[in-house]
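Scroll down for the structure; my scribbles are underneath it.
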Amino acid sequence: MKFSVLRLPCSGQTLNYETEVAPYLRHPVFAWLGLRPLLAQHTADEHAALRRWASGRRTLVEIGVAEGVSALALSEAMERGGTLYLIDPFHMTRASVLNFTKRAAHRAMGNSSHGKIEWIEKFSYEATKDWTKPLDFLMLDGDHSEAGVRRDWDDWSPHVGRDGVVVFHDARIFSGGWTNSEYGPVKLVDSLFRRTRILNWKIVEEIHSMVVVQRTA
């Protein structure tokens, strides 16, 4: 098994994976060594939605990579010849040479032949400073503070063209799930798309913690 997704319910910190091995080998070093599957931070239905919305897209950005399972979904579905930009500083470690989350993600994507993979090892607000490429797919799964996800939206959504989509992860409350009203992405999506409506954007799908919005003009 290459990767394992979350099985519902996933209340609090109790996460049940498709394999019985993963809970005992949670450290990413075991993924890098190939002793367990890559652990996703999303559900099977969310995984399918990522593939569906990435299908046929040519220029994709994912902010927040973790062990790379969502990146696998995107790379397998995007248009052949497309480019997937993976933005993550991989800073959650004291010793960069021992960053096994980064190593596991790079190993996962190393055999990708469907399109081109570009790694950008920066914070998203640093990567956007000189960004000029138009996007048709953007996934926001990095800084989960309300201010952080709002900054990612403000910085990156202007690069998304007509009919392009932005995927917010951990952005809605759902039965048996792990999100709550204090999650930054939940607050931002409620503010931008539920209490008000942003011109030229609309919600096109909601599945578990994931909200997909599309630019209409």
Suppose every Lys and Arg Cβ carries +1 and every Asp and Glu Cβ carries -1, with no other charges. What dipole size does the range 42-215 come out with about its Cα centre, to the nearest 20 debye? 300
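Can you divide the C-alpha Rg of the range 42-215 by 2.2 N^0.38 Å and report the result to two decimal places?
Dividing the Cα Rg of the range 42-215 by 2.2 N^0.38 Å gives 0.98.
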For each pair in 116/202; 2/102; 102/129; 122/187, compute the distance between the two Cα atoms and list the pairs where it is over 27 Å. 116/202
Full extension from residue 203 to residue 162: what is 0.36 nm times the residue separation minus their Cα-Cα distance, to one decimal in nm? 13.4 nm
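Readers should treat all values here as calculations from the given coordinates under stated rules, not as data from a laboratory. Not measured: the values here are computed from a predicted model. Methodologically, a virtual Cβ is constructed for each residue, glycine included, from the backbone with ideal geometry; neighbour enumeration extends over all protein chains shown.
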